[in-house]
Amino acid sequence: MLRPGRMLVHQFQGRLTGSSLWSILSISNDSTEGPNTMMMPSFSSSSLRRSLLSLVTLGLFTLCGCANSFVTPPSATGSIAPATIAGVVHGGQYPVYNATVKLYTAGTTGYGAGSILQATTTSDVNGNFQFTLETGLGGVVDGGASALWKCPSTGNPLVYITAIGGNSSGSGSTTPNNAAIGLMSAIGLCGNLATTTEVAVNELTTVASVYALANYINPGATAGTETIGTNSTTQATTGLNNAFSTIANLANTTGPGAGGYVTSNTYPGVGTAIGATMTATPESAKLITIANILASCINTTSSSSNNCADLFASASPPASATTTSQPGATFATAADTIQAAYYLAVNPANNGAFTTCNNGGTTKTGCLWGLASSTSPFQTGLTTAPSDWTIGVTFTGSLGTGTCANGDFLIAAPYHAAVDANGNIWYINGGSTISSLVELSPVGQPIVCTGSLSNGRGLTIDTTGNVWGSFNGTATNGIVEWPAGGSALTVWPVPTGNQTYEMTSDGFGNVFFNQNASGGSIWEFIDPGTTTTPFAPVEVAGPLLGTGTITQGYIQVDPQGRIWDATSTDPDLFEIYPKTSSAASITGFSVSGGTVTFNATNSYAVGNQIEITSLTSTEGATFDTQVLTLTAVTSSTFSAATSAATTSGTVTDSGTGILAASYTFAALTTVNTSYGIAIDSNNYLYQGTTCCAGAGDREAVKWTPGGTLGTATYTASSQNFAGINGVRSTVVDGASNVFYGNEYPNSSGATISAGTYSVSELTTSGSGTTATFTALSPAGSVPGTCSTSAGCGTTGGFFDSDFQEPLDMQIDPSGNLWVLNTFNYAVTTSNGLTITELVGAAVPVVTPLSVAVKNNQLGAKP
């Protein structure tokens, strides 16, 4: 028995009666009759369903009612029916008649590639459509040409729907056909589909789906040729799954709820975050405005209308595909509204030359803005044109409802963030009262909320998945660890009298932190791994700058094992190189169980990491080139732990020993104090200078490491490049694009308040002193007189209504940019209480960063 579900449509719709259709479609091939069933002699139920669905698709069953309607089936009992996906295609206030509606599963052969057509149907005069998911597995049915389909035999792919072409005029005729109509609605995992899945397909679901999935879409060259997919690696699959989940924080793809299609979602805390709630609120006015811009083309009768021409000319592709997740793609001018939405998502600054505009606009943004009006179908949109087309989601946990049951604050001036392998967001609160360590799911549900400490600063995740945090409040100096899979914090010992500050982890599992006192120093916990017994750190380098107290800045390790450390006390970047020993003669080594004991001419210490190479014996070959950690030293005899399975024995061999845990350092001087450290796929390092001292401030800085210590060179951009206004945080995405969090207000008439700050984005080419910079975010105007309190008012960069002095940003495996609205450590009833996610604004990265370092994948996609 078929049991079609309720077909959701636009909020302007009413009801439609269709009892005759339900009676005809409610047919069972069972031998027992029940309510709403008919006995059918000798017909195949599958072929009968195909015939009936074909008749529905062709419009040979007439539904009685008006255009603005939805169908509610009668209750049914009897045999179990296949699942249905039922919905409606709407363009603005009107149903789209005769649209080609296709159901796809996302591909697994690369970013934007490999989507598979599962089923096809056509929307009726009321925009209604239906797909039937048959029981069992098997994949494509009828070559994807009918409305029947099955989940594939292997895997659990993500499902989405597109609607291309059709007539949105409400005339009840199949002509004229507007080939530029392109609408989308992403549904979710095939295995999670309910008996009846309800889907709305309109401009709002299109914008939400396209922005969340931007990194996984190839727009194609002609109307309706969009594809969605990612590669088959675990983290790439995780990124796509999380991106689908993000759509729910932008719009409801099942139809309007109590507050319409665009509403806030509230997530209750679980685990140690019980008692807290997190509310996700999208930038609804901008989202609605973009939907209205698409509707202006969709609600015309032809793809060559003035509105469509303006949309496709102004929603233009990025200047280079290398800034996207698909560097080899060829982007053509948009031919449908899905493609136009995609170009707004990946080129939100509208970069490129303005050509013409039929509505009188004089810029690309102005032309697009002119397509939306006060009479547009979705309300309420922006009242003024935006500076860019990014879409943000703000996560709020107030001092009241945001407090966890254990008394820890959910959000209190978040200072640093990190992303784990599952795409969960970790951050450490920087407030001076109760600063906790917090974990959020990819959609914002609180999972961990713990600490009851103060002055949270550094945060990192090691290759084992352990999360490390640094708190430097007066009574709570120290390092804490949330072990992977653990349920409580572990406290680690640190040298007394020195404030712990920033943290990072390398590809070998070592954890580093810097301290402020005695000229500043770098310390290391050597490969904690899964140990449950804390041990003391060793000093790597120091004092870095004289003997007084300095304020440490950001710290990062690159794939070559170099540590980069910055201070805000002076304009020095410290380059800390591993010492390389001369070749050591290895003699008389023996292997017993998991320990190798050997003699060497070089002096090493317990905890040093070594690599012994060029061993030729049978026993030696089993641990040749492994990175080993010294566990004991007696005179010239050394013992190192190895997991190699070897046979005990004593042999004589020779090789080289490379010391990798002793360092020397040099100071590299920039023109002004720099903040943030981020490293790209070529090991170039990025910082940005502060505001507002004058010459040398508000610049992007690109460092090229030299072959030896102290020989790195740099190039700085011009002031205010891409809207930079006093950099405080820096991050690199999977295409090596660089994002800067601006420390000072950047809006017109800027003051220190929410919404006056921005994030800048740029890309670079070249190296050394000849590197060039290309802006990807709006540059704004070059400022005149600046002050630290009022900022520079350049209106450059990407804006969100809740940005507040972002001291850190991180990118997740889906390409979402998470911005901490720290507000200069201050927590009040209106400041330091939010985190903003710019949806799909970056290219996905490998997380955590320590794993990217380990696999030499910084600045690369999963």
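The values are calculated or read from the model by the stated rules, or taken from the named source; none is laboratory data. These figures come from a predicted structure and were not determined experimentally. So basically every Cβ, Gly included, is an ideal-geometry build from the backbone, and we count neighbours across all protein chains shown. Accessible surface areas use protein heavy atoms only, side chains included; no ligands, DNA or RNA. Shrake-Rupley method; radii C 1.70, N 1.55, O 1.52, S 1.80 Å.
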| task | Take peptides 501-514, 440-453 and line them up by average Cβ neighbours within 10 Å, highest first, as a rough protection proxy. | result | 501-514, 440-453
| remark: Net charge (Lys, Arg +1; Asp, Glu -1) of residues whose beta-carbon lies under 15 Å from that of C792, C792 excluded, is -2
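Relative contact order for the range 804-857: what is it in percent, counting Cα pairs under 8 Å that are at least 6 residues apart?
Values: 96 pairs, mean separation 18.8, N = 54.
It comes to 35 percent, rounded to a whole number.
Which entries in the list K286/K861; K364/K854; K150/K854; K150/K286 go over 32 Å, if you measure between the two C-alpha atoms of each?
On the way: K286/K861 28 Å; K364/K854 43 Å; K150/K854 41 Å; K150/K286 37 Å.
Long pairs (Cα-Cα over 32 Å): K364/K854; K150/K854; K150/K286.
Any idea what the relative contact order of the range 299-407 is, in percent, if you count C-alpha pairs under 8 Å spaced at least 6 apart? List each step's numbers first, then the result.
Values: 108 pairs, mean separation 28.2, N = 109.
Once normalised by length, the contact order is 26 percent.
Ignoring any ligand, DNA or RNA, what whole percent of the accessible area of the range 149-303 comes from carbon and sulfur when the probe is 1.4 angstrom? Let's see the in-between values first.
Details: 2350 of 4430 Å².
That share works out to 53 percent.
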| query | Cross-link partners among aspartates and glutamates for K102, C-alpha distance below 13 Å, same-chain residues fewer than 8 apart left out? | reply | E226
| field | Charge context of L287, other residues only, Cβ under 14 angstrom, K/R +1, D/E -1 | value | -4
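I'd like to compare 373-385, 730-742: which one has the highest average count of other Cβ atoms within 10 Å, and what's the full order after that? Walk me through the intermediate numbers first.
Working: 373-385: 14.2, 730-742: 26.8.
Highest-to-lowest ranking by the protection proxy: 730-742, 373-385.
Using a Förster radius of 45 Å, what is the FRET efficiency between S153 and A667 based on their Cβ-Cβ separation? Nearest 0.05, please. Please list the in-between numbers first.
Values: r = 61 Å, r/R0 = 1.35.
For S153 and A667, the calculated efficiency is 0.15.
Over all alpha-carbon pairs in the range 319-419, figure out the percentage whose distance exceeds 22 Å.
On the way: 2637 of 5050 pairs.
Summing the P(r) tail past 22 Å for the range 319-419 gives 52 percent.
Can you check what the net charge comes to around S245, using other residues whose Cβ is under 15 Å from the Cβ of S245 (Lys, Arg +1; Asp, Glu -1)?
So the environment of S245 carries a net charge of -2.
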| Which whole-number value in Å² is the accessible area per residue of the range 404-462, probe 1.4 Å? | 20 Å²
